[in-house]
1. Points 7 angstrom from Cα along the Cβ direction at residue 294 and residue 153: gap in nanometres?
2. For residue 105 and residue 472, calculate 0.36 nm times their separation in residues minus their Cα-Cα distance, and state this gained length in nm to one decimal.
3. Could you check what % of the DSSP bridge pairs in the range 6-175 are antiparallel, to the nearest 5?
4. What whole-number distance in Å separates the alpha-carbon centres of the range 230-290 and the range 66-137?
5. Between residue 182 and residue 85, what length in nm is gained on full extension when 0.36 nm per residue of separation is reduced by their alpha carbon distance?
6. Provide the gained length on full extension for the span residue 346 to residue 58, in nm with one decimal, where the gain is 0.36 nm per separating residue minus the Cα-Cα distance.
7. Taking the mean number of other Cβ atoms within 10 Å as a proxy for protection, how do you rank 180-189, 163-172 from highest to lowest?
8. Using Cα pairs under 8 angstrom and six or more residues apart, how large is the relative contact order of the range 1-56, in percent?
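FYI, it's all coordinate maths here, none of it is from the lab. Bear in mind the structure is a predicted one, so any value in this text is a computation, not a measurement. Virtual Cβ from ideal backbone geometry, glycine too; neighbours counted across all protein chains shown.
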């Protein structure tokens, strides 16, 4: 059962700086309220009061609202118009789709001299013969009834036949009250039968792994699991069958049937909440056990990922909600992926190349509210056009032929080799090359000369006056 509380009224007084003593308008619709109370003491300045779509059975506790001009009580369980004499300024009263069956109770509104508009459409009294004629004659201050303007000629005709209309209304009210008493007895009887119905047999299913003995064979476990699954399927089928019977069984439109439907929906809602509490949420996986980063878009935001070749950066444009506070956004950039948390929901994107997290920036547009991440690419990668795989033969650092071949291979790409179609990375492994190429330190004068140390050794063995002829090949 829901009651009107001070906290409820304050939350709906934000436009009045949460002050309720000077509140002039308050909306308490669709709150499942079952009683009108406290408002005549807390909000004496009220002019407009919205209480539609609740479960209020009586009009009460509004006599002190002297400045109230508009009262909306549509879609409630009101059966009698009463307790509105103190609302001296009341101009409009909306009782659409209630259960007002005592049409004569509208005469209590004769004290509300400023009342000009009344809505009773959808009530049982609106089906009475002579309904409109009676209301127009009983309330001469009215100008509109059920959204239709009351003309002067209609008012004159209604006033002349008021006594006859009143007599017919009383007869129909007696029939309605008898029918209403029967409906109440049936509702009480059905409620008692519902309470006497046998409930759940008290069985409680436990997990097989904990209830069974330690040494249970696999076949027995499988049979028990199948039995549990079959029982769950049968329970779900029974629940669906009862749900269809409840909504497809015809019943009279009464306050009791409306309360029954409301309670049924509330029980169903509570059952779903309990099931959600029992079922643990699956752990959120962002990175698999193998270390693979997953793409995740829990907030379901549109995005675009582009590359800025001029600035050598990767740009992620995330279309965040325009009016959302920036404090609700958390950004985390890693070398291989970017993660953004928006109101607790995670957006994660794997990047096409490695980036620098320390040099990355996050900015938000002041017009669209979009979040833009600029992530510079990681530098320092050594790239060559072609690579040549060396053979397994031994390499002598002092061999002139091998030195010339290596210089040619590194300086110019091989032609006619179709195995290398694009730039590749050059792997540098210090363990594969430990010796120093002394032959490359000083350039040789001719292609036929050997290394520098070899030439010095040859000069040391020559005699005085020896003339070196460059056309003669070396003796070594």
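1. So the two model labels end up 7.6 nm from each other.
2. Numbers: separation 367, 0.36 × 367 = 132.12 nm, distance 13.79 nm.
Here the answer is 118.3 nm.
3. Values: 2 of 16 bridges.
Counting only bridges with both partners in the range 6-175, antiparallel ones make up about 10 percent.
4. Taking the Cα centre of each part, the range 230-290 and the range 66-137 sit 38 Å apart.
5. Details: separation 97, 0.36 × 97 = 34.92 nm, distance 3.15 nm.
Computed gain between residue 182 and residue 85 is 31.8 nm.
6. Details: separation 288, 0.36 × 288 = 103.68 nm, distance 4.93 nm.
Full extension from residue 346 to residue 58 adds 98.8 nm.
7. On the way: 180-189: 13.2, 163-172: 15.0.
The most tightly packed comes first, giving 163-172, 180-189.
8. On the way: 93 pairs, mean separation 22.0, N = 56.
Rounded, it is 39 percent for the range 1-56.
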